[in-house]
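The values are calculated or read from the model by the stated rules, or taken from the named source; none is laboratory data. The structure displayed is predicted, hence computed values, not measured ones. Here Cβ is always computed from backbone atoms with ideal geometry, including for glycine, and neighbour counts include all displayed protein chains. Keep in mind that these areas ignore ligands, DNA and RNA; they rest on the heavy atoms of the full protein, side chains included. Shrake-Rupley method; radii C 1.70, N 1.55, O 1.52, S 1.80 Å.
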Amino acid sequence: MPNVGSEFRGLPIEELIAAPLKAACDAQKHLAVSAFAFMKEIGFDGDKPRLLEFNLQRPLGDQGGVSNVKVQAPFIGLVPIPSLLVNDVQIDFQMEVTDTATSKETDSKSVDADVNANFKFGLFGSGGIKIHGNVTSTRENTRSTNQTAKYQVRVSARQQQPTEGLSRLMDIMASCVTPIPVSGSGG
C-alpha cells in the first residue's frame, strides 16, 4: 500500500488556514469603517453635531404654573451605533486520505493427467482402463480505496460593547441634554 502521508505534501495549508483569517481581519476593518461612516453621516452636519430640538412645557411643581423650555439633544446619543465585531472564526480543515486505487489480481492454475492401463484375462479376455483428471485452482483479489477532503469555515458576528472612548463621548453628549429656559417664560 502506498504511503498515505505523501498525499498531504503540496497542500497549501498556510493558505487554507490564513486566507479565512485574513478575510475576517479585512471584514473587521470594513465594519469599523462602516461604523465611522454611520457616526459621521447620522451624528454630524459638517463639524456640528446634529441636534434634535423641541420645546416643552414643564410644570413648576408646588408653585403652580409652567415653564417653557427648549430641549437640544445630540442625535447620535439617541440611536444605537452599529458596532459589529467578528467574534469568532472557526476554521475546520479535515482531510481523509485512503489512497484512491483499484487493483485486481487473478491467479489460475490447472493440471491435467491421463492414465492408461491394459490387462488380459487369460487367453480369452483383455481390457483397458483410461482415466483422465483435471484439477483447477483460481484465486482473485480486488482492492478499492477512496479519498475525500472537507474544508469548512465558520464566522459569527455580534454587537460589541462600546469602547471606553465612545462611552465617554456618549456621556458628554448626554450631559448636553438639559432643558434650557426660553426667554420671556414665567411662572
Query raised in the report: Of all residues in the range 26-67, how many are open to solvent by 60 Å² or more (accessible area, probe 1.4 Å), among the polar types (S, T, N, Q) and over 37 Å from the mean Cα position of the chain (by Cα)?
Result: 3
Report summary line: Scanning the range 158-170 for residues that are over 18 Å from residue 52 (Cβ atoms), outside any loop (DSSP other than H, G, I, E, B) and of a type outside the set (Ser, Thr, Tyr), the one modelled with the lowest pLDDT turns out to be 159
Query raised in the report: How do the pairs read when you match residues in the range 30-54 that are more than 20 Å from residue 72 (Cβ to Cβ) with residues anywhere that are surrounded by 12 or more Cβ atoms within 10 Å (Cβ to Cβ) and small (Gly, Ala, Ser), using Cβ under 8 Å and keeping only pairs 6 or more apart or on different chains?
Result: 31/83; 31/157; 35/83
Query - Residue check for residue 153: surrounded by 11 or more Cβ atoms within 10 Å (Cβ to Cβ), in contact with a helix residue (DSSP H, G or I) (Cβ under 6 Å, 6 or more places away or on another chain) and either under 30 Å from residue 67 (Cβ atoms) or at pLDDT below 75 (or both) - result: yes
